[in-house]
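Working notes, beginning with the structure itself.
The values are calculated or read from the model by the stated rules, or taken from the named source; none is laboratory data. Computed from a predicted model, the values in this text were never measured in an experiment. Cβ: placed from backbone, ideal geometry, glycine included. Neighbour counts: every protein chain shown. The area values use the complete protein model at the heavy-atom level, side chains included, leaving out ligands, DNA and RNA. Shrake-Rupley method; radii C 1.70, N 1.55, O 1.52, S 1.80 Å.
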Amino acid sequence: MQSKAKTVDEYISSLPDNRAEIIAATRNEIVKNLPKGFEETMQYGMISYVVPHKLYPAGYHTNPNDALPFISLASQKNHIALYHMAVYAGPLHDWFVTEWKKLTDKKLDMGKACIRFKKPDDVPIKLIGKLSTKMTPAQWIKAYETARKSNLKK
């Protein structure tokens, strides 16, 4: 179920204690490590880090009124989800999978852009922080536009 929270603090305060704690800790790690230029907001019912319209006026291709998404964090019914568009769009996929394997022998539960963690203790906060440092807004815009052009040719 998508949250109707208007602010990040409202979102976190609406969660059960064990989920609120891990979401807040993960959020803090992302904020601490994210390059300048991204903005924190609520988007699609999740805590999101986006390239704002002032840096990328075109917005997100599926809805140009939305800022370009980069990372989202959510407490879902059966898991905690991290959506990272550069893991999905390719540039950071291999790096993340390699780092995950160095960190744990647990199976990585990952869809296209969604990395799922069944239990709060499974969330690799420091790895997510490191992942957050890997791209600037300008680098993400370039990767996004390259991926979009490639998909349009198919």
Ratio Rg/Rh, restricted to segment 84-131 and using Cα atoms, in which Rh is the Kirkwood radius
0.92
Computed over segment 1-144: relative contact order in percent, which uses C-alpha pairs under 8 Å that are six or more apart:
25
Solvent-free Debye scattering, log10 I(q)/I(0), computed from the Cα coordinates of the chain at q = 0.16, 0.18, 0.20, 0.21 Å⁻¹:
-0.89, -1.13, -1.38, -1.50
Filter the trypsin sites (Lys or Arg not before Pro) in segment 1-102 down to the DSSP loop ones having no more than 10 other Cβ atoms within 10 Å, then list what survives.
4, 6, 54, 77
How large is the helix-only mean residue ellipticity at 222 nm for the chain, computed as the sum of -39500 (n - 2.57) over DSSP H runs with n ≥ 4, divided by its residue count, in deg cm²/dmol to the nearest 500?
-12000 deg cm²/dmol
Grab the beta carbon distance between residue 6 and residue 44, set R0 = 22 Å, and tell me the FRET efficiency rounded to 0.05.
0.95
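Give me the tail of P(r) for segment 1-69 as a percent: Cα-Cα pairs with distance above 19 Å.
Working: 885 of 2346 pairs.
Summing the P(r) of segment 1-69 above 19 Å gives 38 percent of all pairs.
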Would you mind getting the accessible area per residue of segment 20-154, heavy atoms of the protein chains only, 1.4 Å probe, in Å²?
54
